[in-house]
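Down below is the structure, laid out as structure tokens.
The values are calculated or read from the model by the stated rules, or taken from the named source; none is laboratory data. Source: prediction; values computed, not measured. A quick note on method: Cβ atoms are made from the backbone with ideal geometry, for glycine too, and the neighbour counts reach across all protein chains shown.
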Amino acid sequence: MPRKEKSSLNLMVVGAPGSGKTSFLNTLSSHLNTYGHGITKPSQTQSDHLFRTTQLQWQDNKNLISLTLVDTPGFTETVLGYQAHYTKKYLEHQFDRVWMEEVKLKRNTKVQDTRIHVCLYFIDASITDFSPMEILLLREIAAHVSVVPVLAKSDLLSPEELAEKKQFIRNLLFDTYQIPVYGSSHIDTVEEDIMDWCVPDLTTRKSTWRPLKSYVEWLDQQHNENDEMEEAGQLKDYLEQMPFSVTFPKSLECSISSEEPSPGIDYSETMDLIQLLLANRDSFRHKTNAYFYEKYRTQKIFDERTDQLMAVHSCD
Ligand SMILES: Nc1nc2c(ncn2[C@@H]2O[C@H](COP(=O)(O)OP(=O)(O)OP(=O)(O)O)[C@@H](O)[C@H]2O)c(=O)[nH]1
Ligand SMILES: [Mg+2]
């Protein structure tokens, strides 16, 4: 029998209180249970102050996937600054664990990677703007991990409202606040050879910020001119669809939801999102290692050298 390929994905959910973060993680687990060949390892849950971690293993015909799901509580506006601080600390702590292993003389190559590879940011369907604190939180997270925005409880919107809301959120993220979420045209290049489809400037890899409309047009042009630019086509499709709308699947809606869903709502985007997460798990992991961790590590070395130099100068 061929050996199964092993891979992993560490996923965190953050966002508005009561926006369905925990429900989505439950939907994801039950989807894997139903459509995979079962969750092979009983899930293990650990809780600390803010972060609730569940580990599961899932397998399909070819793959054995370890999933770590990190749930966080939604916060009201008054404590968003606190949430931004602790979320950043949490993400950096996972980087430090890898760093501490790297500087050991004898490294343990089997140590588990606890760095978060992707963060789903839940945006309430009633959003009219991001508050300054929410922008701070989003920027902190997006500096450490690929952030995939999602529109929560989309069943409460009509199809027209949904399309309008998605366009509104895309404009807020890309054009008004320029938040470097997953797929945006921004990247601080710290390494020349970062290769994956979410790296924006596929030909020159410069650090640029393009307004969404012209960026999508540019991707389309790249894709049409060069058949090999399949990534550009995928990225364009993603940018046109994001934020994915998330809703209970039909089977769960009546038993769990306390609110009335709109009739005839399409649940496929929840499944599209799950597919995106699973299909791009290697790319998310790669970006965490080659970009976010590398950026953190470079800064850490720089800070340590600066401290050493300051100490030498203060002794003179
Ligand atoms: N209509 C509708 N209701 C939902 C959906 N997802 C969750 N809910 C309901 O919304 C409420 C909150 O859901 P949770 O999953 O606990 O939300 P949360 O974001 O984890 O909440 P906090 O952890 O308190 O921030 C529950 O009553 C759910 O049944 C959805 O997609 N549609
Ligand atoms: Mg919750």
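Somewhere in segment 56-63, is a residue of a type in the set (Asp, Glu) and either over 27 Å from LEU273 (Cβ atoms) or buried (at least 16 other Cβ atoms within 10 Å of the Cβ) (or both)? Explain how you work it out, then say what you get.
Restricting attention to segment 56-63, the residues satisfying the condition of being of a type in the set (Asp, Glu) are 60.
Of the ones still in play, those that are also either over 27 Å from LEU273 (Cβ atoms) or buried (at least 16 other Cβ atoms within 10 Å of the Cβ) (or both) are none.
No, that holds for no residue.
Mind counting the residues in segment 60-92 that are over 17 Å from the mean Cα position of the chain (by Cα) and away from ligand 1 (no atom under 16 Å from the Cβ)?
8
Mind checking which residues of segment 140-178 are surrounded by fewer than 19 Cβ atoms within 10 Å (Cβ to Cβ), within 15 Å of ligand 1 (Cβ to nearest atom) and assigned to a loop (DSSP other than H, G, I, E, B)?
Across segment 140-178, the qualifying residue is only SER158.
Looking at segment 252-261, can you tell me whether even one residue there is modelled with pLDDT of 75 or more, assigned to a helix (DSSP H, G or I) and of a type outside the set (Val, Ile, Thr)?
No, every residue in segment 252-261 fails to be modelled with pLDDT of 75 or more, assigned to a helix (DSSP H, G or I) and of a type outside the set (Val, Ile, Thr).
Show the residue pairs meeting these rules: Cβ distance below 7 Å; 6+ apart or different chains; first residue within segment 8-26 and on the phi > 0 side of the Ramachandran plot; second residue of a type in the set (D, E, K, R).
GLY15/LYS21; GLY20/LYS153
Out of ILE116, ILE135, ILE169, ILE179, which single residue is closer than 16 Å to PHE284 by Cα, within 17 Å of the chain's Cα centre (by Cα) and more than 16 Å from ligand 2 (Cβ to nearest atom)? Before you say what the answer is, go through the steps one by one.
Values: ILE135 fails: closer than 16 Å to PHE284 by Cα; ILE169 fails: closer than 16 Å to PHE284 by Cα; ILE179 fails: closer than 16 Å to PHE284 by Cα.
Checking each option against the conditions leaves just ILE116.
Could you say which residue among ASP129, ASP60, ASP113, ASP71 is more than 26 Å from GLY183 (Cα to Cα) and among the acidic types (Asp, Glu)? Give the derivation first.
Working: ASP129 fails: more than 26 Å from GLY183 (Cα to Cα); ASP113 fails: more than 26 Å from GLY183 (Cα to Cα); ASP71 fails: more than 26 Å from GLY183 (Cα to Cα).
Exactly one residue qualifies, and that residue is ASP60.
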